[in-house]
1. Determine the total buried accessible area between chain B and chain A, counting protein heavy atoms only with a 1.4 Å probe; round to the nearest 100 Å².
2. With Cβ to Cβ distances under 10 Å as the rule, what net charge do the other residues near A:Phe3 carry (K, R +1; D, E -1)?
3. Provide the net charge surrounding A:Gly93, with neighbours chosen by a C-beta distance below 13 Å and charges set as Lys +1, Arg +1, Asp -1, Glu -1.
4. For helix A:351-377, what angle does its Cα long axis make with the longest principal axis of chain A, in degrees from 0 to 90 and rounded to 10?
5. Using Cα centres only, tell me the gap between the stretch B:288-366 and the stretch B:127-177 in whole Å.
6. To the nearest 20 Debye, how big is the dipole of chain B about its Cα centre, given +1 on the beta carbon of each Lys and Arg and -1 on that of each Asp and Glu?
7. B:Lys255: which lysines have alpha carbons under 23 Å from its alpha carbon, excluding same-chain residues fewer than 8 sequence positions away?
8. To the nearest 10 degrees, how steeply does helix A:134-144 sit against the main Cα axis of chain A, on a 0 to 90 scale?
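The values are calculated or read from the model by the stated rules, or taken from the named source; none is laboratory data. What you see is a predicted model, and the numbers here were worked out from it, not measured in a lab. Cβ sites come from the backbone with ideal geometry, for glycine too, and all protein chains shown count toward neighbours. For accessibility, only protein heavy atoms count, side chains too; no ligands or nucleic acids. Shrake-Rupley method; radii C 1.70, N 1.55, O 1.52, S 1.80 Å.
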Amino acid sequence: MRFAVTKACGGGGKARAGALYVGGGGGGGAAVVETPSLLLSTRKGLPAFVSRDLLSTLPSPDSHLLHVSPIHFIECPSSKTISNIGGLHQMLGLQEHILVAAASDSVESLPESEASNKLGASFETPSGRRLVKPSEYMQMITSMKPNLWASLADEVPAWVTEKRNRISVDRTLRWLDDCLAVDLEAGKNTLGAVVGGSNIDERKRCATEASLRNVAGFWIGGFGLGESMEERLALLNAVTDCLPEEKLRYVSRLSLPEVLQGVAAGIDLFDSTYIYHLTLGGFALVFPLDIVERDNWDSRTDIEGADCTKINLRATIYRKDTSPIVDRCGCFTCQNHTRAYINHLLNVHEMLAQILLEIHNTHHYLGFFRLMREAIKGGKFELFRQRFIKRRRAFLTAEAPCSL
Amino acid sequence: MPVGTQGTIKGLTNNQLEEIGCQIILGNTYHLALRPGADLIDEFGGLHKFMNWKRALLTDSGGFQMVSLLHLADITEKGVTFQSPVDGKPMLLTPEESIQIQNKIGADIIMALDDVVKTTITGPRIEEAMYRTLRWMDRCIAAHQKPDTQNLFGIVQGGLDPVLRDICVRGLVERNLPGYAIGGLAGGEDKDSFWRVVAQCTAALPEDKPRYVMGVGYPLDIVVCSALGADMYDCVYPTRTARFGSALIPEGVLKLKNRAMANDERPIDPTCPCMVCKTYTRAYLHCLVTKDAMGSQLLSYHNLSYMMKLSRDLHTSIVEGRFPEFVRGFLRTQFPKGDVPEWVCNAMEVAGIDISSCCASFSPSH
């Protein structure tokens, strides 16, 4: 795995563009992926609704990055079976994809800080509460052979005591060393976990300590667990200030628009269950993907033509809407189906609705990431970020022309 | 014909259906008329356009669902009266209205409204239903607005009574319809009665028109009915059983939920060329099925692939003059111990297919 920053400080701030080169690690054909980039969320290694053949209709190599949680496999298949099959890439039929393993997600593998102890991290899973020790975790990682993997962390929500927060940092660092000790690749594919809750000093301590280890990059956890929007930017910046510039940074659980904060703080990889939740709710992303180009910004038309970020296709106004979700969107859903059809599918509780929505939402959100990268490369990221936020606020305060 | 009840095959996209070789799917008139509504579909230019399905569609009359889904359904000469599931008001589905709705939906093949009776019922009701089916057939024909683009099939009723079935067949054949369905089966009757009705009907129906056995079925049933001269089938079985974690294989059924599958590194079926069998192991699918939507999808994909392949294989073996061989191979794989059910042996004998080499301990009765 090789990573390099290709453009630093684009448009002010610490936003950066990078290139991630991945080859080997049990699979993953040689591909260069530009960052900042989105890791698609998965359940047991595959997207919730988009099967592999449909996944390949999404933009490449953007849609080749997946976040996989080893905890999803805690029941089965066994590490031995996964090994015998040849690892994750083989088992999932995703030989050309880049699989990044991190234990927690916000749907099926929720960190349960009250049950974590000195021996391991606890997670709420569909099969109950499970305690995972670093040795067990590494057994899974070794058999799975992901391209990149985050070390085991003790994530805590924002409201824990200072003492508990401090303990979480101590444990996370200790577990990082435990994981590295048994890593056959000696840290080449490792993302050292950085936690520290809402305490700036602890965040800095953890980041600084993790930087001393021989790792390929860092996974920043503990966000999306109760901290406020204002705190978050300061915390993210505190962390990235203490991390080496040239190494990869990956943060979990930032949705839209928090992801803009992450990019502004210098993060390269993001995962979140944003698309999953949108899809389950019957929402489709529709915000325009051309903000950067519109240099002549007429604020009046901006508010009048305020587009929503998303529409809810369950709404009856879409019953007879013959247009695709987004005009001229190149995704499978928009090329083949109408809003009316999806509205019908949602009303009759058909699985195809989720399949079509996840395809479109993924396509659209990946497009957004591409926009962010263009903005960074063009030195305009801060402008992009401000416009995006302003546009959303303008919509919220103006008369909504479309329903939510 | 996979069943796409509400304008979609559960969990599969149109291009996936085309990929596995699906040529025609079935839509349920009752469901579609409720949601999204026949008028809306009509405004869209028909169900093909609404779903964006470029191949063939068949709709049933709506009668069966009404009788099976709605209690308080009552059948009179006028039509089927039932309580609207939306607001409880009494409603009436007449033959005219069923055809009108199907005209709006726009399927390539539409079904006449028939008076369906469970095969487990005996007595004069069956005779009444059979004659009424013929009378309703005429009303359907009269009401049909698009005979040039939509093919109206008649449905043979008559329960398990060969005399009644014969009257019904002759009555429908007189009306010179584009195709004929054999209805009133697949409802719990014993297999021996089932095949005999199919055999009688296929013997009497015209050679040059399609024969559609409604609600069938299991792969074995399809092979037997094909041997007896039937051409078309519909059943929810492949997709429904997928959602319960069962995969269709040449040997029968593979229950992926079974603990033994947890470490099985083989594909569902090593002889199956479908995307699922070429990519995934039983062990991985074991952890998905019944728990994740993806499990249902992948299994549905495989099961429908299996059925499409079975149809293709039946077709090719007939065209190439080796149908009996194909049947023997099929039965040997499903019944390796030679325990072919008696009804299958009887049916095959009438069909003129020698399967004695597949039956270990039982010889076909004369």
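1. Numbers: alone 16870 and 16520 Å², together 30010 Å².
Approximately 3400 Å² gets buried when B meets A.
2. +1
3. Neighbour charge sum, excluding A:Gly93 itself: +1.
4. With rounding to tens, the tilt is 80 degrees.
5. The stretch B:288-366 and the stretch B:127-177 have Cα centres spaced 31 Å from each other.
6. 960
7. Filter leaves A:Lys44, A:Lys80, B:Lys10, B:Lys278, B:Lys291, B:Lys309, B:Lys337.
8. 60
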